[in-house]
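Every number here is computed from the coordinates shown, using simple stated rules; none is lab data. None of these values were measured; they are calculated from a predicted model. So basically every Cβ, Gly included, is an ideal-geometry build from the backbone, and we count neighbours across all protein chains shown.
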Amino acid sequence: MAALGEQLFRRKPIVIQQKHHKGEELARNIGTFQLMMFGVGATVGTGIFFVLSESIPEAGPAVIISFIVAAICAGLSALCYAELASAIPVSGSTYSYTYHALGEIWAVIIAGCVLLEYGVAVSAVAVGWSGYFNELLENTLGFRLPDALSVSFIPGSDGAATGGIINLPAVVLVALCCLLLIRGVAESATVNTIMVLIKLGVLALFIVLGFTAFNADHFENFFAFGAAGISAAAGTIFFSFIGLDAVATAGEEVRNPQKALPRAIIGALIIVSTVYILVAIAGLAAEPVEFYSTEEASEAGLAQILENITGNPIWGTILAAGAVVSIFSVTLVTLYGQTRILFSISRDGLVPRKFLRVNAKTMTPIYNTVVVSTIVAIIAGFVPSDYLWDTVSIGTLMAFSVVALAVIVLRRTKPDLERPFRVPLYPVVPILTIAACVYILSGLAAITWVIFGTWIAIVLLYYWFYGRKHATLNDYTSAEQIAEPIRPEDET
């Protein structure tokens, strides 16, 4: 085994992206448009269907600026992702890029960030989906699931519990996504594309009807909550841009990845940013800031706004139905990204090889998918969404920062690496990406940092006692050896 210092900072050779990996391979079944819809599917819905009720009370009307700040930060990062994805088109996204550029210990830390980011994001979205599901039940069938089966357990400050026992709809949603992912990635991509188109149609309806009720008074005292409110809201909002990272996790299952990945990332960003900002403006135009602090806004806010605008519950029902269908795609793609990152970590030996097993018939990592889905379902069933949003943002922001740093490092250490897409205005763009992420991170609450720090400490302890001893790089001295096809005896 290598000396400790050498081991911690050793880098995975990039040559392996040009050959078959040692170990299981995934089938390349995804096209550019489907991949772009992966990005939109994982993003639009994650934020806009619920996050207005979280962010507007923080920033007031200036939440529009918060959306723009988050979009600019995500846009700068998207350019960095596009360069790395075109040069290193493998599963694992940020984790894999970090392993190649910065070394093993930083890859482990980023693995912790993205696993936290994806796992908590799926849970948060599933919890939010439950509210729209209940809204749809009430509008169509005239009843709601009782709180005991649709609201998470919440400990009260006086020791008494509020809320329910388990958020059952959230658990069922995760289970359905798990079954679809097990069936195959091509089927999952097709279902996701259909759901994304439904989602965009529903949000276009909201934008049009929202602007028909435009009230300029709702934008008075635009900066009443100050710069701190804008940065705090931007931090809350930022988790909704996780879809850009989800595109990169599909690097090994895309046809012609060196062209498809950059196009899909940038295309998804443009669609997502435009829709988010328009919906935020339409929502504020239709309802005052005070509305977004109410209970009805937090449970199914956009549907309630349409009911208030039109006086007819049918429009709210249509939006709730669209949300129920389309937010399924957010859960599906984010859960997919989580399993593919874990697949890559397992390939590198940092977690047990069971997570690397691919079913010969479906070409999907079934064991991996079941384990991830079970953990996510438990979190979604028992943890309220209020505890989840900012935890997702901090993982996303850390990942985006490291991607920008990886671009700078690889430009210096691997200047001859083939890069079908190159970040424009280098090094300004990656430096601005890091600065924007740090700015948003500064607005996150102290408790979020405590949770994050605790999680990373656990990850590092795991690496010390298991990961560093089982890393694939321990057994090989050259990139060519790492790239050799797996032998039957290696599976035992």
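Calculate, in nm to one decimal, what residue 72 and residue 460 gain on full extension: separation in residues at 0.36 nm each, minus their alpha carbon distance.
Numbers: separation 388, 0.36 × 388 = 139.68 nm, distance 3.19 nm.
This chain segment gains 136.5 nm when fully extended.
Shown in residue order for region 303-319 are the 3J(HN,Hα) couplings computed by the Karplus curve 6.51 cos²θ - 1.76 cosθ + 1.60 at θ = phi - 60°: 5, 5, 4, 5, 5, 5, 5, 8, x, 10, x, 5, 5, x, 5, 4, 5 Hz (x for Gly and Pro). The helix-only estimate of mean residue ellipticity at 222 nm for the chain, built from DSSP H runs of length n ≥ 4 each weighted as -39500 (n - 2.57), is -22000 deg cm²/dmol after division by the residue total. Each Lys or Arg adds one and each Asp or Glu takes one away; over the other residues whose Cβ falls under 12 Å from the Cβ of residue 408, this sums to +2. The order of the peptides 68-78, 354-364, 172-182 by mean Cβ neighbours within 10 Å, most packed first, is 68-78, 172-182, 354-364. Any chance you could give the angle, 0 to 90 degrees and rounded to 10, that helix 32-43 forms with the longest Cα principal axis of the chain? On a 0 to 90 degree scale, this one is about 60.
Computed 3J(HN,Hα) for region 115-129, one whole-Hz value per residue from the Karplus formula 6.51 cos²θ - 1.76 cosθ + 1.60 where θ = phi - 60°, is 5, 5, 4, 6, x, 6, 4, 4, 5, 4, 5, 4, 5, x, 4, glycine and proline marked x. Highest mean packing comes first when the peptides 427-440, 30-43, 103-116 are listed by Cβ atoms within 10 Å, giving 30-43, 103-116, 427-440. Relative contact order of region 32-157: 12 percent, from C-alpha pairs under 8 Å at least 6 residues apart in sequence. Expressed in Å, the radius of gyration and Dmax of the Cα atoms of region 284-366 are 20.8, 58. Using the Kirkwood radius over Cα pairs, work out the Stokes-Einstein diffusion coefficient for region 202-284 at 20 °C and 1.002 mPa s, in µm²/s as a whole number. Translational diffusion coefficient: 139 µm²/s. Taking every alpha-carbon pair under 8 Å whose residues sit at least 6 apart, the chain reaches a relative contact order of 34 percent.
Taking amide H as placed 1.01 Å from N in the peptide plane, the amide H of residue 30 sits under 5 Å from that of 254, 255, each at least 5 places away or on another chain.
I'd like the distance between the alpha-carbon centres of region 125-148 and region 57-105, rounded to an integer number of Å. Between the Cα centre of region 125-148 and that of region 57-105, the gap is 33 Å.
Take peptides 443-455, 327-339 and line them up by average Cβ neighbours within 10 Å, highest first, as a rough protection proxy. Each step should come with its number before you reach the end.
Details: 443-455: 14.8, 327-339: 28.8.
For the peptides 443-455, 327-339, the packing ranking is 327-339, 443-455.
Taking label points 7 Å from Cα along the Cα-to-Cβ direction, residue 293 and residue 360 give a separation of 6.3 nm. Backbone geometry of region 135-148 corresponds, through the Karplus equation with coefficients 6.51, -1.76 and 1.60 at θ = phi - 60°, to 3J(HN,Hα) couplings of 4, 5, 4, 5, 6, 9, 10, x, 9, 10, 5, x, 4, 4 Hz, x marking Gly and Pro. Panel values: region 313-353, Kirkwood radius from alpha carbon pairs, Stokes-Einstein at 10 °C and 1.306 mPa s, translational diffusion coefficient 129 µm²/s.
Of all lysines in the structure, the ones whose alpha carbon falls short of 26 Å from that of residue 12, not counting any fewer than 8 places away in one chain, are 22, 259, 354, 414, 469.
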